[in-house]
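Working notes, structure below.
Since every read-out is calculated from the coordinates, none of them should be taken as a lab result. Nothing here was measured: the structure is a model prediction, and the numbers come from that model. Note that each Cβ is placed from the backbone with ideal geometry, even for glycine, and that neighbours are counted across all protein chains shown.
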Amino acid sequence: MFALIKREIQDHIVYFIGAAVFSAVFIIMSISLIHQYDPKVPPVFSIGLGIPAVTIVIFGICAMGATQMYLDKTRKISALLSTLAVSRSRILLARIITGILAILILLVPQTIASGILLRIFTPPIPMFPGMVFEISLVVFLMAFACYCIGLQAGWNSNPLTPSLGALFLTCIFIPLILIKGFGVHIVVILVLFIAASLIRTWRTFMTTSL
Amino acid sequence: MDENVIKVENLVKYFEGRCVLDGINLNVPRGCIYGLLGRNGSGKTTIIRILLGLEPPTRGRTFLLDAESTELSARLHSRIGYVAEGHNLIQSYRVGRLIKLCKDLSLQWNDEFFNHLMETFRLPTDRRVKELSIGMRAQLNLALAMAIDPELLIFDDPTLGLDTVARRQFLELAIDLIQQQGRTILFCSHILSDVERIADRIGILAAGKLVVDCPLEELKERIKKLRIIFPESAPPNLYLTEIINQQIQGREMVITVANWNKQKQTILETFKPSSCTEIPMSLEDMFIECTKPNPKYIES
Amino acid sequence: MQFRIDNASDRPVYRQIMDQIKRDIALGRLIKNEKLPTVRQLAGQIAINPNTIAKAYRQLEQEGIIVTKAGAGAFVANLDSNLSRSVRKKLISEELERIAVEAFHMQIDSQTLLEWFNNAVVKFNLPSKKG
């Protein structure tokens, strides 16, 4: 299992480096923005940076999932692996774990940094206990959902198409969050979506001809 | 433990509406070297891919080492060595990295034997797989398959791209392996001389069916090609069964028959031929006869 | 021992091996009680399926040309003693009939055929009568 995961990481190291870099950049930007925080000035700059940043992240995560599957198919990686002493389910599981690791590398530092910064600079921003946790959970689930879209579509198409699809879907989800807030409802919807997507990917991968 | 290491039951496979395999039944017993022959596109690779679970069958079932092909566990895969047609290796990796991956994912690995093979084949480890010649890729694939000390070896055109010396090395490796207890080999090849040297049983695939499936030594004794001359024009129908091929030209008839016996001899004699000679056939001749499309009459 | 397998021949491989062993014995390259290579050795040497070689050896033993001793291997038989005359007659007669049929189809007359046969007898130093 470890060997499989190691292989996936090595093949897609680009995404891991990207995630780490992005994370670092985000933390640095956040620190500098908070230093300049002025309650009278509307946070135009923050939002101006935030939206393209979110776009890149969504695109990147989805592309990672799609790339993993697409490269597998074109380079016939699973075709070789499945004739070795591994089962198809283990190959897929290793792939998904690798994706989750990349997402965590992207999100965990940012979450910790945000938590620390908010602790230092509140009470200008109202908080309630568990807010950071809830927001992090929803963000993680959203990222994972994008990843799942990538996985599902990547087997048959190039990385570009599903990434655009994910972008479109997020345009639906973000207004939903703004309207309904980071609540249990969102979590449930996301979990159901992820479950359905993964099941479909699983079925395809298990029965496809390699 | 069943004596048959490979079992194929009524296998049918359609590709995009085209029937590639039309009811194949095949059993390979333990300790046997089975040579599967057939023209390009006859379905040999398809059977092997279905056996290994790489492709689902349309109808029918296949079994490897007593397990159904669609449910092969990782443990079972570790007992099977596979050399695919075209030598399916991850082209973009370096040889060293590929070897490490296969080694890490294997349950048993004979390092000494593998290194011995790498030395014999003189394969470099620092180049990328795609930079190797076809022959070297074949040898790498072979070495990787043998290093796991497999019980069952499945080769799909294993000598493709190998030079004469390398081909001989491969044959000697195969013989070496089969002399160990309980090993079985299934292989497809176009090189009939290789098949004739090392196979115990052979099967010939033509038009989606297994037209021949018997021990190799019996094949030459069972299939006969006869040149029959009749006093007057040859009869269009000899009422013989198992005619593989038949050609008529005036008084002369050339007929290829399977399982020639006294009965058929008697039936033939009722037509009172003026002469009947046997045309000797090599394995290649027999293969060509068995893979011809439906027999035609040629009259002049 | 050197073997050449002819893939263009209509003779099965095990028969070709048998033929060559018999030929070697007749030509004096293999002498009485000489040890033959084991099935394993020969299989590895000439890259032929061991079952094929085993069958050739079994068949030769049945015809009395070689003997196998448990644990020791296969040896060229002491040709004077083993096989009954009737079996030898049967084997040789089959071969002679094959030749006669071939000669008939090639339209070779009996005189010429006997002449050629005598040449072969002389070439292989067949004794004129069993002493």
TODO: May I ask you to list the trypsin sites (Lys or Arg not before Pro) in the range B:202-300 that are in a DSSP loop and have at most 13 other Cβ atoms within 10 Å of their Cβ?
DONE: B:Lys296
Open item on the list: Taking 35 Å as R0, compute the FRET efficiency from the Cβ-Cβ separation of C:Met1 and C:Ser93 and round it to 0.05.
Closed with: 0.75
- [ ] List every residue whose amide H lies under 5 Å from the amide H of C:Leu36, counting only residues 5 or more places away in sequence or on a different chain, with H placed 1.01 Å from N in the peptide plane.
- [x] C:Ala74, C:Phe75, C:Val76
Open item on the list: Sort B:201-208, A:189-196 by packing, meaning the average of other beta carbons within 10 Å per residue, with the highest value first.
Closed with: B:201-208, A:189-196
- [ ] In vacuum, with every alpha carbon of chain C counted as one equal point scatterer, what does the Debye formula give for log10 I(q)/I(0) at q = 0.09, 0.23 Å⁻¹? Two decimals, please.
- [x] -0.32, -1.52
Task: Charge dipole (the protein assembly as shown, unit charges on Cβ, about Cα centre) - positive-most of B:Asn88, A:Gly99, B:Leu132 - done: A:Gly99
Task: All lysines inside 30 Å of B:Lys103 as judged from Cα atoms, apart from same-chain residues fewer than 8 positions distant - done: A:Lys6, A:Lys73, A:Lys76, B:Lys7, B:Lys44, B:Lys130
Open item on the list: Counting only other chains, and only Cβ atoms inside 10 Å, what mean value do you get across the residues of C:42-55?
Closed with: 6
TODO: Can you pull a Stokes-Einstein diffusion coefficient for the protein assembly as shown at 37 °C (0.692 mPa s), Rh from Kirkwood over Cα pairs, as a whole number of µm²/s?
DONE: 108
Open item on the list: Using Stokes-Einstein with the Kirkwood hydrodynamic radius over Cα pairs, what translational diffusion coefficient do you get for the range B:80-129 at 4 °C and a viscosity of 1.567 mPa s, in µm²/s rounded to a whole number?
Closed with: 109
TODO: Give the long-range amide H neighbours of B:Val212: residues separated by 5 or more places, or on another chain, with amide H under 5 Å away, using H modelled in the peptide plane at 1.01 Å from N.
DONE: B:Ile204
Task: Positive-end residue, chain A charge dipole about Cα centroid, Cβ charges, pick of A:Phe22, A:Phe205, A:Leu169 - done: A:Phe205
Open item on the list: Taking amide H atoms as placed 1.01 Å from N in the peptide plane, list the residues 5 or more away in sequence, or in a different chain, whose amide H sits under 5 Å from that of B:Gln249.
Closed with: B:Val254
Open item on the list: Report, to one decimal in Å, the Kirkwood hydrodynamic radius for the range A:2-207 based on all distinct Cα pairs.
Closed with: 18.3
Open item on the list: Under the √(5λ) rule applied to the eigenvalues of the Cα gyration tensor, what semi-axes describe the equivalent ellipsoid of chain B? Give them in Å, descending.
Closed with: 42, 20, 17
- [ ] Give the calculated FRET efficiency between C:Lys129 and C:Gln62 to the nearest 0.05, with a Förster radius of 30 Å applied to their Cβ-Cβ distance.
- [x] 0.65
Open item on the list: Once you order the gyration tensor axes a ≥ b ≥ c over the Cα atoms, which shape class does the range C:13-76 get: rounded for a/c under 1.5, otherwise prolate or oblate by comparing a/b with b/c?
Closed with: rounded
- [ ] Take every Cα pair under 8 Å in the range A:2-207 that's 6+ residues apart, average their separations, divide by the length, and report that relative contact order as a whole percent.
- [x] 34
TODO: Report the normalised scattering of the range B:219-290 as log10 I(q)/I(0) at q = 0.13, 0.15, 0.17, 0.23 Å⁻¹, calculated by the Debye formula with identical scatterers on the alpha carbons.
DONE: -0.34, -0.45, -0.58, -1.06
